[in-house]
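Have a look at the structure below before the remarks.
The values are calculated or read from the model by the stated rules, or taken from the named source; none is laboratory data. Nothing here was measured: the structure is a model prediction, and the numbers come from that model. When we count neighbours, we look across all protein chains shown, and the Cβ atoms used for this are built from the backbone with ideal geometry, even at glycine.
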Amino acid sequence: MSTAIVTQYTDEGFAIAADSLRKNALSGEDVSTKVQKIFPIEEKQDRRVLAYGLAGAVDIVNQDGTSLFNFAGEFSTAVQRLTGVRITGMDGYAKQLSALVNGRLLMKRQDGDISHYPCIPNTAGVIAKVILVGYYSDLACLAELDFRHDNQTLLEPTLTKMLVGPTSFEVFSGSKFIADKMFNSKDRRFSKYRTASVKKGIPPNTLLEAKELVRKYIQACIDNQSRDEECRQIGGQPHVATISPEHGFEWVTPPL
């Protein structure tokens with residue numbers, strides 16, 4: 001997946017960061033280095049203050065690059081459709097949100113707009129992945145979902161992870177090599193990417209350090225494209241946001 005998305009929880013809130021590179025799935029060429037991959041959901045009346053991130057074939061295109069199905073746009077529409085709808089629990093919300101998007105994807109295929117479903121390399125038919133993180137009914141939550149097909153038969157979205165309460169550093173999409181170098185090694189070449197808490201072997205306890213940590217992970221992936229195959233698919237500039245009970249969704253470094 002040509003995407004890096006990571007999140008870190010603290011008692012003050014979540015920090016989330018992503019890269020901004022998009023490659024052409026057919027040619028492998030860079031399409032843009034200014035792609036937004038993190039999006040807000042702020043529905044305080046429904047007690048939903050979240051961010052979501054997308055990875056995989058998030059923009060299904062035809063041979064000339066024309067967009068046929070854009071997951072970001074479809075998710076935005078689905079979020080609007082569920083505004084004001086009372087849904088119990090983050091898992092219920094994630095399932096209803098993904099079902100709306102999946103229904104649109106199926107309709108596009110049935111109408112002939114999409115000739116075939118793509119998939120992320122080395123996966124069992126996974127088309128795209130989404131992470132939702134933040135506060136649902138005032139509870140800290142994290143959910144991950146897969147959109148997938150089985151031999152071109154579209155399946156229902158799968159809730160692959162659902163956590164309520166404190167979580168650790170979460171590499172939703174990105175380089176395991178970089179995570180290992182930052183957290184599990186003494187490699188001096190990566191010392192500049194480690195925050196004070198990481199150097200002590202403990203998680204960040206402030207949102208200030210958490211947002212620094214997620215930004216540094218993304219930057220480490222971008223800076224080490226020559227060292228790791230996964231990093232070759234990651235680029236552009238990091239964009240960083242925080243989600244907290246007090247301030248909701250806030251950009252730290254917005255997308256360009």
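Taken over region 196-205, the residue count meeting the criterion of being in contact (Cβ under 8 Å) with a residue 24 or more places away in the chain and surrounded by 15 or more Cβ atoms within 10 Å (Cβ to Cβ) is 2. Within region 63-106, restricting attention to residues that are at pLDDT 95 or above and acidic (Asp, Glu), the residue that is surrounded by the fewest Cβ atoms within 10 Å (Cβ to Cβ) is Asp91.
Output the number of residues of region 215-256 satisfying the condition of being of a type in the set (Asp, Glu), out of contact with any helix residue (DSSP H, G or I) (no Cβ under 9 Å at 6 or more places or on another chain) and assigned to a loop (DSSP other than H, G, I, E, B). Talk me through it step by step, then tell me what you get.
Going residue by residue through region 215-256, those that are of a type in the set (Asp, Glu) are 223, 228-230, 246, 250.
From what is left, the residues that are out of contact with any helix residue (DSSP H, G or I) (no Cβ under 9 Å at 6 or more places or on another chain) are 246, 250.
Still in the list and also assigned to a loop (DSSP other than H, G, I, E, B): 246.
Adding up the residues that qualify gives 1.
Looking across Lys37, Lys44, one residue alone is crowded, with 17+ Cβ neighbours inside 10 Å and of a type in the set (Lys, Arg). It is Lys37.
Look through region 157-214, keep the residues that are part of a loop (DSSP other than H, G, I, E, B) and among the small types (Gly, Ala, Ser), and return whichever of them is farthest from Phe14 (Cα to Cα). Quick ask: steps written out before the conclusion?
Step one: filter region 157-214 for residues part of a loop (DSSP other than H, G, I, E, B), giving 157, 165-169, 174-175, 184-187, 194-195, 201-206.
Those left that are additionally among the small types (Gly, Ala, Ser): 165, 168, 174-175, 185, 201.
Working: Gly165: 11, Ser168: 10, Gly174: 18, Ser175: 20, Ser185: 25, Gly201: 19 Å.
Filtering region 157-214 for residues that are part of a loop (DSSP other than H, G, I, E, B) and among the small types (Gly, Ala, Ser), the one farthest from Phe14 (Cα to Cα) comes out as Ser185.
Tell me, please, whether a residue that is surrounded by 23 or more Cβ atoms within 10 Å (Cβ to Cβ), in contact (Cβ under 8 Å) with a residue 60 or more places away in the chain and of a type in the set (Gly, Ala, Ser) can be found in region 138-161. Checking region 138-161: not a single residue is surrounded by 23 or more Cβ atoms within 10 Å (Cβ to Cβ), in contact (Cβ under 8 Å) with a residue 60 or more places away in the chain and of a type in the set (Gly, Ala, Ser). For region 204-221, give me each residue that is out of contact with any Gly (no Cβ under 6 Å at 6 or more places or on another chain) and over 16 Å from Lys181 (Cα atoms). Pro204, Asn205, Thr206, Leu208, Glu209, Ala210, Lys211, Glu212 - these are the residues of region 204-221 that are out of contact with any Gly (no Cβ under 6 Å at 6 or more places or on another chain) and over 16 Å from Lys181 (Cα atoms).
Criterion first (in contact (Cβ under 8 Å) with a residue 12 or more places away in the chain, closer than 25 Å to Glu29 by Cβ and over 20 Å from the mean Cα position of the chain (by Cα)) does Ile114 satisfy it? Taking the combined requirement at face value, the residue satisfies it.
Scanning region 206-251 for residues that are free of Cβ contacts under 8 Å to residues at least 60 places away in the same chain, crowded, with 18+ Cβ neighbours inside 10 Å and among the basic types (Lys, Arg) returns a single hit, Lys216.
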